[in-house]
Amino acid sequence: MKTDPIRLSDIQDGVQVIIASFEGGRVLVARLNQFGIFPGDRMRVLRRAPFGGPVLLEVRGMEIALGRGVASKILVEVVP
């Protein structure tokens, strides 16, 4: 049973997710693709910095930090 996608910025530390889609234009999608982030990818939220700071992710063995604004445009599904 599929759940509704959640914004990456709302996911708690340590949770593994699959990217469902991006809510943004071509520039945002191109930027995320440059980081190696694509719909269907699995990633884990390592840490969310306090006070609206960046979100640290693990994607394909790499650690990537994304600003909260960018993370809020990435829709994900939690891996059961």
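Data overview
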quantity	calculated
Enumeration of residues in segment 38-80 that are under 17 Å from I18 (Cβ atoms) and of a type in the set (G, A, S)	G40, G61, A71
Sole residue being touching a residue at least 60 places away in the same chain (Cβ under 8 Å) and either within 14 Å of I11 (Cβ to Cβ) or charged (D, E, K, R) (or both), chosen from V59, V76	V76
Strands (runs of 3 or more DSSP E) enclosed by segment 5-61 - at least 3 residues per element that are hydroxyl-bearing (S, T, Y) and out of contact with any Lys or Arg (no Cβ under 9 Å at 6 or more places or on another chain)	none
Residues located in segment 41-53, provided they are of a type in the set (K, R) and either surrounded by fewer than 13 Cβ atoms within 10 Å (Cβ to Cβ) or within 10 Å of the chain's Cα centre (by Cα) (or both)	R42, R44
Selection count, segment 54-71, where residues are farther than 12 Å from M43 by Cβ and crowded, with 16+ Cβ neighbours inside 10 Å	3
Residues that are small (G, A, S) and under 10 Å from the mean Cα position of the chain (by Cα), drawn from segment 1-40	S9, A20, S21
Residue, surrounded by the fewest Cβ atoms within 10 Å (Cβ to Cβ), within segment 7-40, restricted to residues that are in contact with a Pro (Cβ under 8 Å, 6 or more places away or on another chain) and within 13 Å of V70 (Cα to Cα)	S21
Subset of segment 62-77 [under 11 Å from the mean Cα position of the chain (by Cα) and assigned to a strand (DSSP E or B)]	I64, A65, L66, I74, L75, V76, E77
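Values quoted throughout were computed directly from the atomic coordinates according to the rules given, and no laboratory measurement underlies them. Model, not experiment: these values are computed from the prediction. Counting neighbours? That spans all protein chains shown, and the Cβs are built from the backbone with ideal geometry, glycine included.
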